Structure formats: structure tokens, C-alpha cells
Amino acid sequence: MITGKFPELRLRRSRKNNWSRRLIEENNLTSNDFILPIFLIDGKNKKQPIKSMPGVYRYTIDKLNFIVDKAIKKKLPMIALFPYTDKKKKNTLGTEALNENNIVCKALQKIKKKYKNEIGVMCDVALDPYTSHGHDGLLKNEYVLNDETIKVLLDQSLLQAQMGCDVLAPSDMMDGRIGEIRKSLDKNGFKMTQILSYAVKYASSYYGPFRDAVGSKNLLKGDKKSYQMDFKNSDEALREVALDIKEGADMVMVKPGLPYLDIIKKVKENFKIPVLAYQVSGEYSLLEHGIKNNLTDKKIILESLMAFKRAGANAIVSYYADRLDQIIE
Ligand code: PBG
């Protein structure tokens, strides 16, 4: 592998000038590499700041076009919708997930009517924004039920597909849900609706600010360790991905992002499938905290994002996706 030796070989030669550094760069980021998450909230005329995520907002449906216009102008290929659900609409079964007038359905219809296929729209398939206990599925004796939860996820998937969702992203980590969702989509005439599986999702403390953003933070009882992965493991991640590919996933996600670069790389090396990384809310909030308090420079954002590309991610879900021009120079 090593060709040549010092002093004939000086690797600093190619680093000396900017033109030369540009010439040999191995990775780069463009707007095509990003997915912008958008938080939705009921009401009118609101662009509501989220305390735990400075610079990120919740939008009411009537204000949605501002942020979607921006995403299209910045040439982002896709947005991801996440609902903040009023406490009054939550219950133990998360039935609001199946309400065809819920805020995600309303947003999907509006976006698809106005923008057609100018931009892809992705939606989570999971019950946590809608359950009063904050878990991603149905609970029995404090345990999240697998097969019973899948039944509800099938209805949620179909509903979102009907409303125009392009990419369904099951984020609940139930076993076997990708295959069941694929079968049900095909049976019901949604052969072209894609599935992005959150195949490797760790039980993580990096999700804290997101749970605040969707209003499930103070509701969550216990933790999600009985369904999300243990961060001590990586072989298990490959088994999860292998299963989801077999079941029909078009793309897979690794989440959180930066602390799991080894997993992104392993998945990419083992499976030739589009791998997405999620730079989650806790990563965002930590970076913002460091920058706001002058502990570090904002160039730290680009450095963090480039690491995803180096590890092999095809795209990155990032709360910075609407502000890339301030990040990528
Ligand atoms: C819900 C979901 C979560 C995130 C995306 N979808 C939180 C969780 O599993 O508790 C986290 C995203 C983020 O932290 O930015 N299934």
C-alpha cells in the first residue's frame, strides 16, 4: 500500500496550496446529500422556536410553504415531517396516528398538491408522537408489543402513502415490520412508495431535544431499550440491516450519527445499499451550544457533516440542511 518513502515522498507537497488540496479531495458535500426534518404544529400563523434546539422551529400548516419553498430553492431532495401532537390528542393506543385529519396527513396533502414531485417527502412510521406513554408501540405490562404494534403501523403506513408520502420510514425497531409494510403497500397499489428503514437505531440519550420538539419528553415512561439497539453492539447492526434488506427496504438509516460512524462504515462495506445517517437532535444541540458559547467555531459543523460522507453515508438527515450555504463554503 505505501508507495515511496521520505525524503523523496513528502505528503505535505500536495497540501501546500489550496488548489492542490482541492484537486485531491476525496469527499464533498452538496445539497443533494441532505434531508431536512420539519416539525409540524396545530394552529395558525406560527413559526414556533424549540427551546432545546435553537434555530429550529415548529410550523403550522399555513406557514409550511415558507420552509418547503426554502428547501426546494436550496435544492434539497427530500424533507421529513414530524408532528408535535397536543397532549389532548394522545392516548395509550396512539390512535391519532390513524386519523386522516392529523397534522401529518394535512401537511402531506398540502405539500403534494402544491409541489408535486419537486421534492420528496418522508414520514416516520411509529406511534411515539401519538402515545400518552411516549413509546413507539402498544404497551402491555410495560412491554412494547411487537406483532400487535405492526398491525397499527400497517394502517399508519397505508394512510401516509394514500396522503402522498413518497418515503415511509419505520423508526420503531419492531421485528419484521419492513416485510409486512412492503406486502401491504404492494397489495394496496403503492408499489412505488419507498421504504427507508431505520434499521439501526440505538437506544440513545442523543434524542432528548427531539422528544421535546414532538412533545413526548415528559411523557416517556422508562426507556426504549427493549426495542432500540444496545450501543455496546455492532454485529447486531449488520443482522438488523440484512433482515431489512431481505424484507424489502430500499434504503437503511443509522441513527444517531456521529457517535456511530463505525456502524455507517460497516453497513456500507457489507451491503451495497443506500445508507443514510441521522445527525440527531442531541448532536445538533451540542454543536449549537459549543458555537453559541464561543467554545468552538462554527466550522465544527462542516467537519462533523463531512465525517458522515467519509464513513460512507449517501445522505444525511440534518437540522442544518436549510442553512448549508453558511456551512459549506
Ligand atoms: C421516533 C423518533 C425519534 C427520533 C426520530 N424518530 C426519537 C425516539 O426514538 O425516541 C429522533 C430524532 C432526533 O433526535 O433528532 N421514533
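When DSSP beta bridges are limited to those with both residues in the stretch 114-231, what percentage is antiparallel, rounded to the nearest 5? Numbers along the way, then the final one.
Numbers: 2 of 9 bridges.
Bridges in the stretch 114-231 that DSSP calls antiparallel: roughly 20 percent.
Which of rounded, prolate, oblate describes the stretch 52-193, given a ≥ b ≥ c as roots of the alpha-carbon gyration tensor eigenvalues and a/c under 1.5 marking rounded, otherwise prolate only if a/b is larger than b/c? Kindly include the intermediate steps, with their values, before the conclusion.
Numbers: a/c = 2.06, a/b = 1.33, b/c = 1.55.
Judged from the Cα gyration tensor, the stretch 52-193 comes out oblate (a/c at least 1.5, b/c at or above a/b).
DSSP beta bridges in the chain, what fraction antiparallel, as a percent rounded to 5? If you can, show how the numbers build up before the last one.
Details: 5 of 37 bridges.
Percentage antiparallel, nearest 5: 15.
With a/c under 1.5 counting as rounded, go ahead and sort the stretch 172-245 into rounded, prolate or oblate using the C-alpha gyration tensor (a ≥ b ≥ c being the square roots of the eigenvalues; past the cut-off, prolate if a/b is larger than b/c, else oblate).
On the way: a/c = 2.67, a/b = 1.45, b/c = 1.84.
The shape class here is oblate.
Would you compute, from DSSP H runs of 4+ residues alone, the mean residue ellipticity of the chain at 222 nm, taking -39500 (n - 2.57) per run and dividing by the full residue count, rounded to the nearest 500? Display every interim value, and only then the final one.
Values: 10 runs with 111 residues, N = 329.
Calculated mean residue ellipticity at 222 nm is -10000 deg cm²/dmol.
Dividing the alpha-carbon radius of gyration of the stretch 72-142 by 2.2 N^0.38 Å (N being the number of residues), what value is obtained? Please report the intermediate quantities before stating the final value.
Working: Rg = 14.4 Å, N = 71, 2.2 N^0.38 = 11.1 Å.
With N residues counted in the stretch 72-142, Rg over 2.2 N^0.38 Å equals 1.29.
What translational diffusion coefficient, in µm²/s and rounded to a whole number, does the Stokes-Einstein relation yield for the chain at 37 °C and a viscosity of 0.692 mPa s, taking the hydrodynamic radius as the Kirkwood radius over Cα pairs?
Details: Rh = 20.7 Å.
So the translational diffusion coefficient is about 159 µm²/s.
Only counting other Cβ atoms within 10 Å, I'd like THR30, THR131, THR296 sorted with the fewest neighbours first.
On the way: THR30 9, THR131 26, THR296 13.
Fewest to most other Cβ atoms nearby, the residues stand as THR30, THR296, THR131.
If you average the sequence gap of Cα pairs under 8 Å that are 6 or more apart and divide by the length of the stretch 209-329, what percent do you get for the contact order? Each step should come with its number before you reach the end.
Working: 117 pairs, mean separation 30.9, N = 121.
Result for the stretch 209-329 is 26 percent.
Going by amide H atoms built from the backbone, whose H comes under 5 Å of the H on ALA80, apart from near neighbours?
Sorted by chain and number, the residues that satisfy this are LEU36, ILE38, MET122.
Can you tell me which aspartates and glutamates have their Cα less than 16 Å from the Cα of LYS90? Leave out same-chain residues fewer than eight positions away.
In chain and number order, the partners are ASP42, GLU100, ASP128, ASP136, ASP212.
Once you have a ≥ b ≥ c as the square roots of the Cα gyration tensor eigenvalues for the stretch 122-219, tell me rounded if a/c is under 1.5, and otherwise prolate or oblate according to whether a/b is larger than b/c. Write out the running numbers ahead of the final one.
Values: a/c = 1.94, a/b = 1.56, b/c = 1.25.
Because a/c hits 1.5 or more and a/b exceeds b/c, the stretch 122-219 counts as prolate.
Using alpha-carbon positions, what is the distance between the centroids of the stretch 86-127 and the stretch 141-203, in Å?
14 Å
Which whole-Hz ³J(HN,Hα) couplings does the stretch 47-64 yield from phi under the Karplus relation 6.51 cos²θ - 1.76 cosθ + 1.60, θ = phi - 60°, glycine and proline marked x?
After applying 6.51 cos²θ - 1.76 cosθ + 1.60, I find 10, 9, x, 10, 4, 7, 10, x, x, 10, 10, 9, 10, 7, 3, 5, 9, 4 Hz.
Among the listed pairs LYS116/LYS183; LYS73/LYS246; LYS46/LYS116; LYS75/LYS268; LYS266/LYS292, give every one whose C-alpha distance is greater than 28 Å. Spell out each step's value before the answer.
On the way: LYS116/LYS183 26 Å; LYS73/LYS246 36 Å; LYS46/LYS116 24 Å; LYS75/LYS268 25 Å; LYS266/LYS292 34 Å.
Flagged as over cut-off: LYS73/LYS246; LYS266/LYS292.
Using only Cα atoms, locate the centre of the stretch 291-329 and the centre of the stretch 1-54, then give the distance between them in Å, rounded to an integer.
6 Å
Only the coordinates and a few stated rules stand behind these numbers; no lab work does. Quick caveat: nothing in here was measured; it's all calculated off a predicted structure. Don't worry about glycine lacking a Cβ; one is built from the backbone with ideal geometry, like all the others, and counts go over all protein chains shown.
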